[in-house]
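Just below is one structure, and these are the notes that go with it.
The values are calculated or read from the model by the stated rules, or taken from the named source; none is laboratory data. What you see is a predicted model, and the numbers here were worked out from it, not measured in a lab. With ideal geometry, Cβ positions are generated from the backbone for all residues, glycine too; neighbour counts draw on all protein chains shown. Note: areas computed on protein heavy atoms with side chains; ligands, DNA, RNA excluded. Shrake-Rupley method; radii C 1.70, N 1.55, O 1.52, S 1.80 Å.
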Amino acid sequence: MKIAVLTIFPEMLSGVLSASILGRAREEGLLCVEAVDIRAFSARKHKNTDDYPFGGGAGMVMTAQPIVDAVEDARKRGYTGKCLYMSPRGKTLTQERVRQIAQEEDNLILLCGHYEGVDQRAIELVVDEEISIGDFVLTGGELPALVLIDAVARHLPGVLGSGESAQDESFSGGLLEYPQYTRPRVFRGLTVPEVLLSGNHADIEAWRREQALKITAERRPDLLIGKEGMQ
Ligand code: 4GX
C-alpha cells in the first residue's frame, strides 16, 4: 500500500510512522508513506496556503490552488487511488470501512486540513470522500490521517506477526476484548483469575467469551443488538 499525505506540517508524521509496527512495515516495504508539503505547491509570493474566509467570520481557510496542484502532482506520480479528506464533516470511520480500504485500495491520497478547513472548490475538484475519525474537533487532519494509516496497515498482508491476526481483536466477532493478564501472578495483592493458570484451554476460551460478553453488555450494549437472541 502506497499513501501520500498532503499536509502543511509534514514533520508531524515522522515519529508515528517510524515507530513500532508501522516503522517495521515501512522498512519491509509493506507500506510506503510519503509526506507531501502542500506549501511547496503554493504559487503565492510567500508560499502562503491560507486566506480570510469570504463572507467573514473567524479563522482562516486553506486555499484551493496549492491543494489541487499537490493532488494533481501526486496523480501524475502514480497515485491513482482515492483522495480522502480527513474532516469532522465526513462519514465516521469504522472497522468495516478500514477493512474495505485495506482490501480494495492499493494507493491513497490523504488530505489534511487546518484552521476552518479547505476551500469547498478544492473538495469538489479533487476529493473522492470525506472521512471523520470521530465526533470531536482536532487542530488538524494529520492525527486523523495517522489513525487511518495505522488502522489500515494492520490489515495488510505481513504487517502483523504470525501470532497476532487482524481478526482476533476487539471489534472482530463484534465484541470488546476480554481482560488480559501477565506476570507476576500477584501484583499489589491482586491475583490472576485461576482459570487462566489451569491449562484447560476449553475453560479458558469459555471464560474469555463470557468476560467479552459481560464487558460489551456493560460498556457497549449497542454492539450486542442483533446478536444471538438479542432483540
Ligand atoms: N476527523 N479535523 C480537519 C479542518 C476542518 C475544519 C472544518 C473541515 C471543516 C477531524 C476529525 C478533525 C480538525 C481535521 C479540523 N475541516 N478530521 N480540520 N475529527 O477534527 O477527521
* Asked: Within region 36-45, is even one residue surrounded by 19 or more Cβ atoms within 10 Å (Cβ to Cβ) and closer than 22 Å to Leu156 by Cβ?
  -> yes
With the first residue restricted to region 131-147 and required to be touching a residue at least 24 places away in the same chain (Cβ under 8 Å), and the second required to be of a type in the set (Lys, Arg) and near the ligand (Cβ under 7 Å from one of its atoms), Cβ contacts under 8 Å at 6 or more apart or on different chains are Ser132/Arg89
Counting only residues in region 154-168 that are closer than 24 Å to Leu223 by Cα and surrounded by 15 or more Cβ atoms within 10 Å (Cβ to Cβ), the one modelled with the lowest pLDDT is identified as Ala166
When region 108-141 is checked residue by residue, the ones that are closer than 15 Å to Ala151 by Cα and more than 14 Å from the ligand (Cβ to nearest atom) are Leu108
Of the conditions (1) touching a Lys or Arg at 6+ places or on another chain (Cβ under 7 Å); (2) within 15 Å of the ligand (Cβ to nearest atom), the single one that Asp150 does not satisfy is (1)
Flagged in region 62-93 as over 15 Å from Val127 (Cβ atoms) and within 13 Å of the ligand (Cβ to nearest atom), in numbering order, are Thr92, Leu93
Report task. Go through the residues of region 172-180 one by one and say whether even a single one is open to solvent by 70 Å² or more (accessible area, probe 1.4 Å), in a loop (DSSP other than H, G, I, E, B) and more than 30 Å from Glu129 (Cα to Cα). Result -> yes
All conditions in (1) open to solvent by less than 20 Å² (accessible area, probe 1.4 Å); (2) assigned to a strand (DSSP E or B) are true of Glu130 except (1)
Exactly one of Arg220, Arg154, Arg188 is touching a Leu at 6+ places or on another chain (Cβ under 7 Å), of a type outside the set (Asp, Glu) and farther than 30 Å from Val36 by Cα, and that residue is Arg220
